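The values are calculated or read from the model by the stated rules, or taken from the named source; none is laboratory data. Treat the numbers as computed from the prediction; the structure is a model and nothing was measured. All Cβ positions, even for glycine, are placed from backbone atoms using ideal geometry, and neighbour counts span all protein chains on display. Side chains included, ligands, DNA and RNA excluded: accessible areas come from the protein's heavy atoms. Shrake-Rupley method; radii C 1.70, N 1.55, O 1.52, S 1.80 Å.
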Amino acid sequence: MAARGVGLLTRLPLHSQRRSRVQRSIPRHFSCPGTVAANFGSEEQPLDGSEDKIPKKRFSEVQKERREQAQRTVLIHCPNNINEKKFLKYLSQHGPINKHFFYESFGFYAVVEFCQKDSVNSLQSEAHTPNMSTESAIPFKSRFLNLKLKNLSNKIPEQLCAQTSNQSPPSSKKLFELLNYAESIDDQLHTLLKTFQLTEENVRLRHLTCSLIEDIAAAYFPGCVIRPFGSSVNTFGKLGCDLDMFLDLDEIRKPNVHKNAGNFLMEFQVKNVPSERIATQKILSVIGECLDNFGPGCVGVQKILNARCPLVRFSHQASGFQCDLTTNNSIALKSSELLYIYGSLDSRVRALVFSVRCWARAHSLTSSIPGAWITNFSLTVMVIFFLQRRSPPILPTLDSLKSLAELLLKEFFEYFGNFAFNKNSINIRQGREQNKPDSSPLHIQNPFETSLNISKNVSQSQLQKFVDLARDSAWILEQEDKGQPSPSSKQPWGLAALLLPPGTAYPSLSKKKKKLMSEKVKGLLASIKSSSTDISKGTHGKRAISTQA
């Protein structure tokens, strides 16, 4: 499904910062073409000659490269006191090593990527199934291996031991220290992003985990692909987030158009079932059983087959990821690609999303447990919609975002603190509000399946809680104009204040304050709506941006 070409063509007015700050040196990529949008951001438009002119890779290219990396990679459970130099020398007997790192989960592990896939086969040929004294081992040749030291008597100097890569987010105490010592709210947003975003090592580990599960599924469906989607690949993932993946059988189902046997047509013998849903349930049931019985490191397997979207949930103990496996979820992959494109326009868009998500989690607006609350995906779409609807009603340019980070966070809360949720729905496909087609408290249109509401689960009480907290947070940020506490006072301010429970950093808002704030925001929204009408008509020679298909 292709969308019309989009470019950043409108420059927003610059706003001065309340606090001085050190200029950041952040790599920026102006263009990010993707397969969802044929020409989305395909034209590079450097603003002042200082922008990085190398466009980021397409989403499909990145996923293909990650999958190929994972296929050349092994996961090894190692002794804690392993000598890194000797370990790599031993593995190099099977071929040159491209990348490696160590981490701790339920044990000490190494992720090793060889330069050639044949090196993995060579290493596997040397490995053997362990002999168990009281239990019987199921002989399964995976790329998840166990390394034992033959001589345990030699002590290794601490400086020679392998150093681990951190795969966990910081503690709340450490986060608040970092936020309080930032120089501005802009710095706080980027500190939060840098602290919580997925590391290169964590991304590699996620793709490797999918590849290991693919090895198991391929025993039943040769040629299948396990594809990660959601936060693991859309650049909005947070350290510790779940790993969503789906079993892609489309490549198996495609007819081979290159072979022509004249009047003959060869087909596989298959079993038939009444519906696609039943086929999905049967496939996931078998894969779930296989993971439970034969999958190394796969524990707590649950087959949730009667859900709207049937899935298998399990923990991959070695990586530490909670995993959800579905089948043929191509729409979810397209949604991931769409967010990847938006996130690639500029890192500050991601900083805003991370901050809003952390604010929502701090106030229990979101949860890792399914329920009536708002999901992270819905929140991200709301941020994108807000950026489309602000004046001008498009995602801001790179230069503008540098100065607008603080302003955007406050405006986001003001905008949705006074949004007419009772009658309007959110449509990022067209970047506009529209009448709600049903009585759901919160209606956010799925950008690819437009008849679906991605926030149908949200209850009225949870939506009202979101609105109240948004208004309070806008007021808190409004108070920042009156001055920042000194770092020595250790008083939370800015983003740090937003992450505290209500009333901790500031007294609860009185009805009078809320009313004054509401009147101010209503005036702001009226101004936005009136200017939006002119802009949508293409005034001042500027083109409006559309994401319509």
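Taken over the stretch 325-350, the criterion of being part of a loop (DSSP other than H, G, I, E, B) and within 28 Å of V312 (Cβ to Cβ) is satisfied by N328, N329.
Of the listed requirements (1) touching a Gly at 6+ places or on another chain (Cβ under 7 Å); (2) over 29 Å from K334 (Cβ atoms), A182 misses just one: (1). Restricting attention to the stretch 297-322, the residues that are charged (D, E, K, R) and in a strand (DSSP E or B) add up to 2. Quick check on my filter: what residues within the stretch 193-211 are touching a residue at least 40 places away in the same chain (Cβ under 8 Å) and of a type in the set (D, E, K, R)? Within the stretch 193-211, E201, R204, R206 qualify. All of K86, K64 fail the test of being charged (D, E, K, R), open to solvent by 50 Å² or more (accessible area, probe 1.4 Å) and more than 23 Å from V225 (Cα to Cα), apart from K86. For the stretch 191-210, filtered to residues that are open to solvent by 10 Å² or more (accessible area, probe 1.4 Å) and in contact with a strand residue (DSSP E or B) (Cβ under 8 Å, 6 or more places away or on another chain), the residue that is nearest to L325 (Cα to Cα) is H207. For the stretch 459-497, the tally of residues that are modelled with pLDDT of 90 or more and either open to solvent by 40 Å² or more (accessible area, probe 1.4 Å) or not small (G, A, S) (or both) stands at 11. Pairs meeting the criteria (first residue in the stretch 292-307 and within 14 Å of K282 (Cα to Cα), second residue crowded, with 16+ Cβ neighbours inside 10 Å and among the aliphatic types (A, V, I, L, M), beta carbons under 6 Å, at least 6 apart or on different chains) are K303/V312; I304/L311.
When we screen E276, E251 for residues that are over 30 Å from A318 (Cα atoms), of a type in the set (D, E) and open to solvent by 30 Å² or more (accessible area, probe 1.4 Å), the only hit is E276. I need the full set of residues from the stretch 95-148 which are touching a helix residue (DSSP H, G or I) at 6+ places or on another chain (Cβ under 8 Å) and small (G, A, S), in order please. Those that are touching a helix residue (DSSP H, G or I) at 6+ places or on another chain (Cβ under 8 Å) and small (G, A, S): G95, A110, S119, S122, S142. Could you tell me whether the stretch 282-290 includes any residue that is open to solvent by 60 Å² or more (accessible area, probe 1.4 Å) and not in a helix (DSSP H, G or I)? Checking the stretch 282-290: not a single residue is open to solvent by 60 Å² or more (accessible area, probe 1.4 Å) and not in a helix (DSSP H, G or I).
Among the residues making up the stretch 427-451, a single one is under 21 Å from the mean Cα position of the chain (by Cα), of a type in the set (A, V, I, L, M, F, W, C) and at pLDDT 90 or above: I444. On the basis of being surrounded by fewer than 19 Cβ atoms within 10 Å (Cβ to Cβ), within 20 Å of the chain's Cα centre (by Cα) and more than 19 Å from G237 (Cα to Cα), does N293 make the cut? No.
In the stretch 228-241, the condition of being open to solvent by 70 Å² or more (accessible area, probe 1.4 Å), closer than 30 Å to A332 by Cβ and in a loop (DSSP other than H, G, I, E, B) is met by no residue. Against the condition of a type outside the set (D, E) and either under 15 Å from the mean Cα position of the chain (by Cα) or surrounded by 23 or more Cβ atoms within 10 Å (Cβ to Cβ) (or both), how does L305 come out, does it pass? Taking the combined requirement at face value, the residue does not satisfy it. Can you tell me which residue among N146, N98, N131, N121 is modelled with pLDDT under 90 and not charged (D, E, K, R)? Exactly one residue qualifies, and that residue is N131. When you look at N80, is it over 30 Å from Y342 (Cα atoms) and touching an Asp or Glu at 6+ places or on another chain (Cβ under 6 Å), yes or no? So N80 fails the test. The residue list S344, S367, S378 contains one member that is among the polar types (S, T, N, Q) and at pLDDT 90 or above, which is S378.
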